[in-house]
Amino acid sequence: MLLGVYGLLSASFFVAMDAVDVAFTEASVGAGISTILMLTTIAITGRSELASHYRPTLALILVLIIGGLLIYGTMDMPYFGFAEAPANLHVSPRYIHDSMQEIGVPNLVTAVLASYRGFDTFGEVVVIFTAGVGVVVLLGLPGRRDENDAEIELINTSMHEQHLVVRIVSKVLIPFILLFAFYVQFHGDFGPGGGFQAGVIFASAIILYALLFGLSTARRIINQPLVQLLSGVGVLVYGSVGLVSMLNGGNFLDYSVLSSDPIAGQHLGILLIELGVGCTVASVMVIIFFKFADRKEALHYKPRETK
Amino acid sequence: MLIGLYNYWVVVALMMTGFYIVIAQGNLIKKIAGLIIFQTSVFIFYISVGKVDGATAPIVGDGFSQYSNPLPHVLILTAIVVGIATTALGLALIVRIREAYGSIEEDEIQKKDDQAC
């Protein structure tokens, strides 16, 4: 809904701010996946809302006071776009000037993400994986209801009649979205892109397919246990790269020792961990979507069973 | 010259909007929406701090000498994806709360808890 528009708007804002990598992520996350999740939750929980019977004047006053104090605090901040601002002085000149020699990757964001701050990124991938596990634990259904093939066919034919234009257009588009995800994944060293963006784009292609062709069709193509396994494999790949570099005599996640040539080692390490990141992000997003959708479907079917 | 600080003011306005929704709304889904707005305001804050006038996106190429600060981009890029994963976790909790209490309004949940005591 509005949140989707908001996501797309902030994405275009990030492009204006030179943050192309961030814009990529926000475009697919904010405008795509988060909107779908919100809508699914609203569909599960019902859209009606009780009219609140109290007036939150106190909250309004509190918010205004805090806002006023924050604005007062900005008076001492450096001006927008000021090159000598403290935030731009400490580590970033080193990233900008030395990373070409040290890492050899033109996209500075990828270099910092995967190499300089590799440990941090590893932690974040683990957080994403944990969130995925949490959603599975919270929303996982005990037993799967048997899939009735005839029923699926019925749904499919009825859906063929609706949304004909959307379905055909997206049928053409989905392969390109997937292809684009792979491009973003493997070209992340040179242009904007990388594992996080590619994972989200890949997942949104699958979600688009599931939305338009029905959950049961999508479930027949996408093997859920396999996806769950893949989300773990991604974390494993990332961690193993770190361990291998330790075994080769370097620090954890120090890719220079992976190959005789430090730059080639860095390239290899970044490629591998981006692969791990993309793997985990894509499969966690797909898992989250399917868990929410399964829940919705289970609710939908319950009344029919009790009749 | 104060106008040069407008990026922070936009951030403050967005942040306070999100904060107000979180504390003033009783509906749990609206609270999550408020949190998302709050979160985005922090993203915008970081990215706007990293922006340098006359600089280009931080991808090394011929003919460019000044780049925006890549560090905030890295932090926010991962934060967005982590944010959606944790938002999904929050929404999953709401779904379970709805199943357990039959409501996602704070007051009603509190009422049921009080009765159970």
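Looking across region B:57-76, the residues that are open to solvent by 20 Å² or more (accessible area, probe 1.4 Å), under 25 Å from A:Met77 (Cβ atoms) and more than 7 Å from chain A (Cβ to nearest Cβ) come down to B:Gln66, B:Leu75.
Just one of the numbered conditions (1) assigned to a helix (DSSP H, G or I); (2) open to solvent by less than 60 Å² (accessible area, probe 1.4 Å); (3) of a type outside the set (Phe, Trp, Tyr); (4) more than 7 Å from chain A (Cβ to nearest Cβ) is not true of B:Glu99: (2). Checking each residue in region A:188-242 for being at positive phi and within 12 Å of chain B (Cβ to nearest Cβ) picks out A:Gly193, A:Gly194. There is no residue in region A:50-70 that is of a type outside the set (Ser, Thr, Tyr), more than 7 Å from every other protein chain (Cβ to nearest Cβ), assigned to a helix (DSSP H, G or I) and within 29 Å of B:Ser65 (Cα to Cα). For beta carbons closer than 7 Å, sequence separation of 6+ or different chains, a first residue in region A:237-259 that is in the same structural domain as A:Thr121 (by TED's automatic domain parsing) and a second that is of a type in the set (S, T, N, Q) and open to solvent by 50 Å² or more (accessible area, probe 1.4 Å), the qualifying pairs are A:Val257/A:Asn248; A:Leu258/A:Asn248.
Mind checking which pairs have a first residue in region A:59-81 that is closer than 19 Å to B:Ile47 by Cβ and hydrophobic (A, V, I, L, M, F, W, C) and a second that is open to solvent by less than 80 Å² (accessible area, probe 1.4 Å) and in a helix (DSSP H, G or I), Cβ under 6 Å, 6 or more apart or different chains? Short answer, once both residue conditions are applied: A:Leu70/B:Val12; A:Met77/B:Tyr8; A:Phe80/B:Gly4; A:Phe80/B:Asn7.
Restricting attention to region B:18-48, the residues that are open to solvent by 10 Å² or more (accessible area, probe 1.4 Å), among the hydroxyl-bearing types (Ser, Thr, Tyr) and within 7 Å of chain A (Cβ to nearest Cβ) add up to 1. Can you pull out every residue in region B:17-48 that is among the aliphatic types (A, V, I, L, M) and more than 11 Å from the chain's Cα centre (by Cα)? The answer is B:Ile21, B:Val22, B:Ile23, B:Ala24, B:Leu28, B:Ile29, B:Ile47. Listed here are the helices (runs of 4 or more DSSP H) enclosed by region A:85-140 that have at least 2 residues being touching a Pro at 6+ places or on another chain (Cβ under 6 Å): A:108-111. Counting only residues that are at the interface with another protein chain (Cβ under 7 Å from one of its Cβ atoms) and surrounded by 23 or more Cβ atoms within 10 Å (Cβ to Cβ), region A:104-122 holds 6 of them. For A:Tyr116, the conditions (1) among the aromatic types (Phe, Trp, Tyr); (2) over 23 Å from A:Val235 (Cβ atoms); (3) within 31 Å of the chain's Cα centre (by Cα) are fulfilled apart from (2). Consider B:Ala88 carefully, then state whether it is assigned to a helix (DSSP H, G or I), within 30 Å of A:Thr45 (Cα to Cα) and over 13 Å from the mean Cα position of the chain (by Cα). The answer is yes for B:Ala88.
Of the residues that make up region B:49-56, is at least one more than 7 Å from every other protein chain (Cβ to nearest Cβ), open to solvent by 10 Å² or more (accessible area, probe 1.4 Å) and either assigned to a helix (DSSP H, G or I) or touching a Ser or Thr at 6+ places or on another chain (Cβ under 6 Å) (or both)? The answer is no; no qualifying residue exists.
When B:Ile23, B:Ile59, B:Ile44 are screened for being of a type in the set (Val, Ile, Thr), farther than 25 Å from A:Gly81 by Cα and in contact with a helix residue (DSSP H, G or I) (Cβ under 8 Å, 6 or more places away or on another chain), only B:Ile23 passes.
The values are calculated or read from the model by the stated rules, or taken from the named source; none is laboratory data. These numbers come from a predicted model, not from an experiment. Cβ coordinates were reconstructed from backbone atoms using ideal geometry, including for glycine residues, and neighbour counts include every protein chain displayed. Keep in mind that these areas ignore ligands, DNA and RNA; they rest on the heavy atoms of the full protein, side chains included. Shrake-Rupley method; radii C 1.70, N 1.55, O 1.52, S 1.80 Å.
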